[in-house]
Amino acid sequence: MKFLVGTKKGMTQVFDADGRVHPVTIVVAPKVTVTQVKTSDTDGYTAVQIGYGVQKESRIAKPQRTKGLFRGLKEFRLDEPASLSVGDVIEPSVFGEGDKIAVSAVSKGKGFQGVVKRYGFKGGPRSHGQKHSERERGSSGGGPGRAGGRVVKGMRMAGRMGGDRVTVTNLKIVRVEGDELFIEGAVPGRPGTMVEIREFRPEKNPKK
């Protein structure tokens, strides 16, 4: 199981040997250090904790200084015992061209949005005497019958959009240059967002 932590730099495009263009996202993923290895015997589950970035000692809580002067710590759960030890360094070269990965990050925050943008509602008619119903959601129920004089839970309404943890799977690494990974397609978040990169392993028996 391969994994890394990086920062989204932005998007660009690259050309392959046949001259076809591919949109890619550049993720800067410098080397990270293993700070803890958890096992099912001692912790109840198997995982590896890594430290990334550099931070001033005065800005790190005293209990965490024993791990090292890292900007942050991140834990990756594993299905099998890890072959890593505390102090090992994981380089960006652990991933290669053509590797399939899954990327997790916090998506862009959109603020308070209506149902047309948030859920793709059609809205009301634009003519024939309508005044303010172009982007309204319409009836929310609440009448007699199954609704029982109330609005059922889970009704899609206007509200805060974005800012959620999103995982995109089955992405492909197109190129690796130093500590920069060129990932085909889009990665969640704005430039500067911290992203988690792990090896993508499709389920053998996916749920239908």
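The values are calculated or read from the model by the stated rules, or taken from the named source; none is laboratory data. If you're wondering where the values come from, they're calculated on a predicted model, not measured in any experiment. Counting neighbours? That spans all protein chains shown, and the Cβs are built from the backbone with ideal geometry, glycine included.
For the range 18-38, the candidate set comprises residues that are of a type in the set (A, V, I, L, M) and in contact with an Asp or Glu (Cβ under 8 Å, 6 or more places away or on another chain); within that set, the residue that is surrounded by the fewest Cβ atoms within 10 Å (Cβ to Cβ) is VAL28.
The set of residues from the range 18-46 being farther than 25 Å from ILE183 by Cα, of a type outside the set (S, T, N, Q) and free of Cβ contacts under 8 Å to residues at least 40 places away in the same chain comprises LYS38, ASP41, ASP43, GLY44, TYR45. If you check VAL48 against the conditions, is it farther than 24 Å from LYS8 by Cβ and of a type in the set (A, V, I, L, M, F, W, C)? Considered against the rule, which asks whether it is farther than 24 Å from LYS8 by Cβ and of a type in the set (A, V, I, L, M, F, W, C), VAL48 comes out as no. Applying the set (1) loosely packed, with under 14 Cβ neighbours inside 10 Å; (2) touching a Phe, Trp or Tyr at 6+ places or on another chain (Cβ under 6 Å) to GLN13 leaves exactly one unmet item: (2). Of all residues in the range 115-150, which are closer than 27 Å to GLY163 by Cβ and hydroxyl-bearing (Ser, Thr, Tyr)? Passing the criteria: TYR119, SER140. Just one of the listed residues (GLY68, GLY72) is closer than 22 Å to THR193 by Cα and assigned by TED's automatic domain parsing to the domain that holds SER85, namely GLY72.
Tally up the residues in the range 22-64 that are within 19 Å of GLU196 (Cβ to Cβ) and among the charged types (D, E, K, R), please. Total satisfying the criteria: 2.
Scanning the range 50-83 for residues that are buried (at least 16 other Cβ atoms within 10 Å of the Cβ), assigned to a loop (DSSP other than H, G, I, E, B) and in contact (Cβ under 8 Å) with a residue 40 or more places away in the chain gives LEU78, ALA82.
LEU181 meets the conditions (1) more than 18 Å from MET1 (Cα to Cα); (2) in contact with a helix residue (DSSP H, G or I) (Cβ under 7 Å, 6 or more places away or on another chain) in every case but one. The failed one is (1).
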